[in-house]
Amino acid sequence: MHWLALLAGCLALILARVLRAPLKSYRLTGFAWFFAALLITGFAIRIGAESQKITRPTEYDSFVVHAADLVREDPDAPLVVFLGASFTRNALDDEELTRRLRAKGYPHRVINLSLQGASLQERDQSLWDFMRLTQRAPDVAFLEVADEFDRDPAYVFNVAKFSDRAIKQVTPNAAYWSVKGLSQGQCDGMASCVKAWAFLGIHAVMNWSNIGLLATGESIPDIEAVPAFDPQDTPRDTFTLSVDEIRAALEVPAEVTPSNGPSWARLFRMDQRDRLMQAGVRRVAYYYPPVISPDEREYVADLCAGELSAFPCIAPVDRTLLAQLERPVWFDDKHLLRDGADVYTDWLAGQIDQWGALK
């Protein structure tokens, strides 16, 4: 048992003794003292855990630790962080992109901080974890945008209910944005809305009361460093599209109509930009790796022409890129194999240079 767990248990017993209700018949007073003791104990656990750098361990923590190692190895290089979900995790080779950008004269170190199924809120928290650990702000932060994450402010519950990962990300700030999105009707039908509200409340209580933190928590120095980039060499068994079907989908031209994302996601991005700029990030940019679905590619192109038109925004609708992917380089309809990642990484280096995003 971690020493903090023993300390917290002792504190809880002391509070239960000292703050007990003076008269058994005063139930409301008793409940009030109970919740006061609970809040004080939870606060003490949180303070102690933070002082010892104890966290609920997730894959993202391993990526952050690895990224921090890269920063220490290359301390003078300005940082470019790509923050996304599995689209980016499979598609963006940060080591290769670093080499290609440096060949173009940029001194930057590229870091991929992307995890499958990561909600907008979870990605944001992980970027801040990285900045706190390294005491560095990226020179440029590239933020992935995608329709499925914009549409669902409670995306985490599609991925990992009641896991450390789910509990950890429902912080007060994350819960606020989930509430904002759900209150705007950003859920798929009444049953889905009710479940999302219920799960949100339960996970928020578990996060704020630190339930399970000391039982499963790990100190950050003890977390294994793992790179985020996850290249794949063999398509999923369930992926059955033929080359002709892939080609037909990729050849559908994007009919770009400038537009905004859902209100909650647009406001979240505005707030995120403000916080990052205040923290020292020089520029925020947006992107989306290639997928086979024309509609999903077009959604990002519409955002780039509308809501995000004032920022570097790289949508995967370029025919030069898509023509190179009209072959068996797909893990499934949304993710690239290693050969496809090589194509995208090379193309992206050219797009970053063309946009002048690092200048």
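The values are calculated or read from the model by the stated rules, or taken from the named source; none is laboratory data. As the structure is a prediction and not an experimental result, all values here were calculated from the model. With ideal geometry, Cβ positions are generated from the backbone for all residues, glycine too; neighbour counts draw on all protein chains shown. With ligands, DNA and RNA removed, areas are computed over all heavy atoms of the protein, side chains included. Shrake-Rupley method; radii C 1.70, N 1.55, O 1.52, S 1.80 Å.
Every condition in (1) assigned to a loop (DSSP other than H, G, I, E, B); (2) without any contact (Cβ under 8 Å) to a residue 40 or more places away in the chain is met by T234 except one, and the failing one is (2). Of all residues in segment 289-301, those that are touching a residue at least 60 places away in the same chain (Cβ under 8 Å) and farther than 21 Å from T345 by Cβ have Cβ atoms under 6 Å from Cβ atoms of residues that are open to solvent by 10 Å² or more (accessible area, probe 1.4 Å) and in a helix (DSSP H, G or I), 6 or more apart or on another chain, in Y299/D147.
Any residue that is aromatic (F, W, Y) and open to solvent by 40 Å² or more (accessible area, probe 1.4 Å) - is there at least one of those in segment 124-131? Give the derivation first.
Pass one, segment 124-131, residues aromatic (F, W, Y): 128, 130.
Subsequent filtering for residues that are open to solvent by 40 Å² or more (accessible area, probe 1.4 Å) retains 128.
Checking segment 124-131: at least one residue is aromatic (F, W, Y) and open to solvent by 40 Å² or more (accessible area, probe 1.4 Å).
Looking at this structure, is V140 open to solvent by less than 10 Å² (accessible area, probe 1.4 Å), in contact with a strand residue (DSSP E or B) (Cβ under 8 Å, 6 or more places away or on another chain), free of Cβ contacts under 8 Å to residues at least 40 places away in the same chain and among the β-branched types (V, I, T)? Answer is no for this residue.
Please work out if S242 is farther than 23 Å from F157 by Cβ, of a type in the set (S, T, Y) and in contact with a strand residue (DSSP E or B) (Cβ under 7 Å, 6 or more places away or on another chain). Steps first, answer last, please.
Working: farther than 23 Å from F157 by Cβ: yes; of a type in the set (S, T, Y): yes; in contact with a strand residue (DSSP E or B) (Cβ under 7 Å, 6 or more places away or on another chain): no.
No, not satisfied.
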